[in-house]
1. Can you tell me the FRET efficiency between residue 249 and residue 170 if r is taken as the Cβ-Cβ distance and R0 is 25 Å, rounded to the nearest 0.05?
2. Let's test the formula: R0 of 30 Å, r as the Cβ-Cβ distance of residue 78 and residue 27. What FRET efficiency results, to the nearest 0.05?
3. Could you list 216, 75, 151, 128 in order of exposure, starting from the residue whose Cβ has the fewest other Cβ atoms within 10 Å?
4. Can you tell me the FRET efficiency between residue 270 and residue 112 if r is taken as the Cβ-Cβ distance and R0 is 30 Å, rounded to the nearest 0.05?
5. Quick one: 63, 68, 26, fewest Cβ neighbours within 10 Å first, how do they rank?
6. Tell me, what is the percent relative contact order of the stretch 32-279, built from C-alpha pairs under 8 Å that lie six or more residues apart?
7. For the stretch 32-279, state the average projected area of the convex hull of the C-alpha atoms over all orientations, rounded to one decimal in nm².
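Derivation of every value follows stated rules applied to the coordinates shown; laboratory data play no part. Every value quoted in this text rests on a predicted model; they were computed, and no experiment measured them. No Cβ is skipped: glycine too gets one built from the backbone with ideal geometry, and neighbour counts run over all protein chains shown.
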């Protein structure tokens, strides 16, 4: 009986050690209000890109299709519970913008007017859904900023044809930063400090817009954040400036990832304590399991050996 228990427990310990912990990115706390703020900002960015590219049906249509990612049935239903007429007006405004992108020879004035109308409606929607107090909460704004940054990474990856997810920290090539010439580049990534070709111009426009919006959101965040966060926000601000420069210069996906994951995210986490889980809980847990597993295994084995004697 002891032998059976011993081997079962040992098998569990070994299997736990074989588990690999994958940190796909910094884990942030969930906040529905921050999420809707990010989506509204992203929808505004895409709408403005529709107007900017109104004479190019290919580009404008791409941005219209992206806008549906940020305002769909869930967002409409959420607003409909608070203000049905406003929810209907936003849906109509988005549909009107889509109709303009499908037409030929649409004037930029008409497109800008449609976008301005939608922006005003979205501002009202954000106030009703989020509320005035939470809308000016620094922690919520920081989480909304993270959401917009993630979209910038996704679209930049699409823009350069990356084969990896730029929001996933595991895809970073650290050797490229240390200057190691033997490290090489990862699949879909490019050598550091070398301009990369853009294979999707619409996605590149979105990445630029989101990075620029993130900078504006950060400036607003810094104006309301507690003074105790200044040391971290100064570093995050420097990194945000660098991110915008990197995207403008078409730097490698690896360089862009490193700026966000190693310099922006950690400082926002330190400033506002918005990390959902400890950075590396699994290895510690596995070490504890292994330690106690060895103790139990030794005691059971010793008891069985004594009984045989």
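1. Details: r = 25 Å, r/R0 = 1.00.
E(calc), rounded to 0.05, equals 0.50.
2. Numbers: r = 24 Å, r/R0 = 0.81.
Efficiency, rounded to the nearest 0.05: 0.80.
3. Numbers: 216 12, 75 20, 151 26, 128 15.
Going from least to most buried by this count: 216, 128, 75, 151.
4. On the way: r = 40 Å, r/R0 = 1.34.
Once rounded, the FRET efficiency stands at 0.15.
5. Working: 63 25, 68 13, 26 20.
Ordered from fewest to most neighbouring Cβ atoms within 10 Å, 63, 68, 26 come out as 68, 26, 63.
6. Numbers: 338 pairs, mean separation 51.3, N = 248.
After rounding, I find 21 percent.
7. 14.0
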